[in-house]
1. So what is Rg over Rh here for the range 3-60, counting just Cα atoms and using Kirkwood for Rh?
2. To the nearest 10 degrees, how steeply does helix 33-45 sit against the main Cα axis of the chain, on a 0 to 90 scale?
3. Obtain the nm distance between the two label points defined at Lys72 and Phe8 by a simple spin-label model: each point lies 7 Å from its Cα along the Cα-to-C-beta direction.
4. Relative to the longest principal axis of the chain, what angle (0 to 90°, nearest 10) does the C-alpha long axis of helix 3-16 take?
5. Have a look at Ile76, Ile109, Ile40 and tell me which one the Gaussian network model of the chain (Cα, springs below 10 Å) gives the largest fluctuation.
6. Rounded to the nearest 500, what is the 222 nm mean residue ellipticity of the chain from helices alone, with -39500 (n - 2.57) per DSSP H run of 4+ residues and division by all residues?
7. What ranking do Thr219, Thr208 get, fewest neighbouring Cβ atoms within 10 angstrom at the top?
8. Rounded to the nearest 10 degrees, what's the angle between the helix 141-150 long axis and the longest principal axis of the chain, both from Cα atoms, 0 to 90?
Amino acid sequence: MRRADRLFEIIQLMRRKPTIRARDLAESLEVSERTIYRDIQDLMASGVPIEGEAGIGYVLKAGFDLPPLMFKETEIEALVLGARIVETWGDAGGDAELAEAATDAIAKIEAVIPERLRGYMASTALLAPSAYHMEPVKFDLADLRRAVRSQLKVRFGYRDAQDRPSLRTVRPLSLAYFGPVWVLAAWCELRQDFRTFRLDRVAEFETTSERFKPERGKTLHDFLQRPQTWTRSALAPAGAAEH
């Protein structure tokens, strides 16, 4: 859980009880009591009206609420354009789940921003037309996203730029879109090295139940530290990094 999310959850948990101990917060959020003490001090320093002390418990004063989301016009334009691009890419690329999530995110933001900005958000003239070419992906991208998020190995058949077939088992690390193709960065068990795979060349995709843990030399951070990462297969026609 991100720290910002944890701070929000602390406030939500304190709303539900008149008094709550750091131990109870720590158990609910699966962190140490020391972390909770530090988070509460930071919340108090930022103006959240919390009273209490270690060993006794904490109370959130009545009437406190999180401030509404406030955005500048340019921030709204960035959010709307980004969401519309995700909607378009998701629908065209076979990831309806991501497209729907983008639509829901915009709806949630519209529900909490002031009326003046809500109208501006609805009329923003930044569009992401769906009339563009995307190489088709033959499996559900949502399954691959979940594998990346859950650190599950995946298997698939692959044909490189020279149409040579192979079977791969990989640790999926990241997805990137280089119009008109989606590209997967992964640690390939067959090659014992990083490889990038164009998803329009993937067939018979399946997610395994085998989890992987970050290992030195096999992480996304390690991949991104290399002098060439996406460019060799995602942008170059030869596909030299895919073999």
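1. On the way: Rg = 9.8 Å, Rh = 11.0 Å.
Ratio of gyration radius to Kirkwood radius for the range 3-60: 0.89.
2. The angle comes out at about 70 degrees.
3. Label at Lys72, label at Phe8, 2.2 nm between them.
4. 40
5. Its mean-square fluctuation being the largest, the pick is Ile40.
6. Details: 9 runs with 101 residues, N = 243.
Taking each H run of at least 4 residues, the total per residue is -12500 deg cm²/dmol.
7. Working: Thr219 16, Thr208 12.
So the residues, fewest neighbours to most, are Thr208, Thr219.
8. 60
Taken together, the values in this text are just the output of simple stated rules run on the coordinates, not laboratory data. Because the structure is predicted, anything quoted here is derived from the model rather than measured. Ideal geometry is used to build each Cβ from the backbone, glycine not excepted, and the neighbour counts take in all protein chains shown.
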